[in-house]
Amino acid sequence: MKKAFSISFIMLLILIGLWLYRYYWDAPIEQDILSGNGYRTTIGEDYRAVNFYIKSDWFKLSSKGPQSMHEVVARIGNSNIVLTEVIVREEVQDIYFTLTIDNKLPRLQGYFLTQNLKNASTAIEMPFIELRGDNEQVIELGQFTQGPGDFFSFGIKLEEAKTSTHGFSVGASIYYGVQYEKY
């Protein structure tokens, strides 16, 4: 009798765990929203412009390895844009920044950002990124990488990073805005 109860209890815990995973974890919610599975959505077909600032004290130019971090640089709707890694690449004389999206999606309705619209009805244009340093001078964008997940990375020359003593602003048009509501 104890063995049957133990097995039943373990199965119940597994079922509850699966239900909590499905109900509260953001990835399945985002998949349901983007596929229209129980949700009405309005998806911006044009990139949404996002502006944020990278502070100079968030990166160390003397660092030899990747600098892992979790600095929220912008909050839009139910999305946080997070600076997750900075790498000084001396061999190519640049500094490389990686940013991701951290979505906290309520089940019933909300607004979030994504880079991944597989079924966009229009041709997807090349993303636009503009960097500006102290006194609004333009910083030349180096290498740029986007996806396959909701991340992007870009590099700037080390000499430009050294002259931007207070940091620099980033204007990026790389995200789609998604408004959703459960029906």
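The values are calculated or read from the model by the stated rules, or taken from the named source; none is laboratory data. Predicted, not measured: the structure shown is a model, and the values here were computed from it. All Cβ positions, glycine included, derive from the backbone under ideal geometry; neighbour counts span all protein chains shown. Each accessible area value is taken on the protein alone, full model and side chains, heavy atoms only, with ligands, DNA and RNA left out. Shrake-Rupley method; radii C 1.70, N 1.55, O 1.52, S 1.80 Å.
For T84, nonlocal amide neighbours, meaning residues 5 or more places apart or on other chains whose placed amide H falls under 5 Å from its own, are T98, L99, T100.
In a DSSP loop and with at most 16 other Cβ atoms within 10 Å, the chymotrypsin sites (Phe, Trp or Tyr not before Pro) in the stretch 25-106 are W25. Its residue count N fixes a reference of 2.2 N^0.38 Å for the stretch 56-103, and the Cα radius of gyration divided by that reference is 1.26.
Using a 1.4 angstrom probe on the protein heavy atoms only, line up I43, I10, I139 by accessible area, largest first.
Solvent-accessible surface, decreasing: I10, I43, I139.
In order along the stretch 134-149, phi translates into HN-Hα couplings of 4, 6, 6, 6, 6, 9, 5, 6, x, 5, 9, 9, 9, x, x, x Hz, rounded to whole numbers, per the Karplus curve 6.51 cos²θ - 1.76 cosθ + 1.60 with θ = phi - 60° and x for Gly and Pro. For I139, the residues whose modelled amide H falls within less than 5 Å of its own, excluding neighbours fewer than 5 places apart on the same chain, are L131, R132, G133.
Across every direction, the projection of the convex hull enclosing the Cα atoms of the stretch 54-183 has a mean area of 9.0 nm². These residues, S56, S153, S68, go from largest to smallest accessible area, 1.4 Å probe, as S68, S56, S153. Figure note: R107, R48 ranked by solvent-accessible area, largest first, 1.4 Å probe, ligands and nucleic acids not counted: R48, R107. Rounded to whole numbers, the Karplus 3J(HN,Hα) couplings from phi for the stretch 159-172 are 4, 6, 5, 5, 7, 8, 5, 9, x, 7, 9, 10, x, 10 Hz, using 6.51 cos²θ - 1.76 cosθ + 1.60 with θ = phi - 60°, and x at Gly and Pro.
Amide H contacts for Y175 (H built 1.01 Å from N in the peptide plane; partners 5 or more residues away or on another chain; cut-off under 5 Å): R48. Modelled spin labels at I14 and E91, positioned 7 Å past Cα toward Cβ, are 4.7 nm from each other.
Karplus-based coupling profile of the stretch 150-158, in residue order and whole Hz: 8, 9, 8, 9, 8, x, 10, 5, 4, with θ = phi - 60° in 6.51 cos²θ - 1.76 cosθ + 1.60 and x standing for Gly or Pro.
For the stretch 24-84, which GluC sites (Glu not before Pro) are both in a DSSP coil and crowded by at most 15 other Cβ atoms within 10 Å?
Hits after loop and neighbour filter: E45.
Measuring with a 1.4 angstrom probe and ignoring ligands and nucleic acids, L108 comes out at about 120 Å² accessible. Using a probe of 1.4 angstrom and keeping all protein chains present, the accessible surface of the chain works out to 59 square angstrom per residue.
For E181, the solvent-accessible surface with a 1.4 Å probe is about 80 Å², rounded to the nearest 10.
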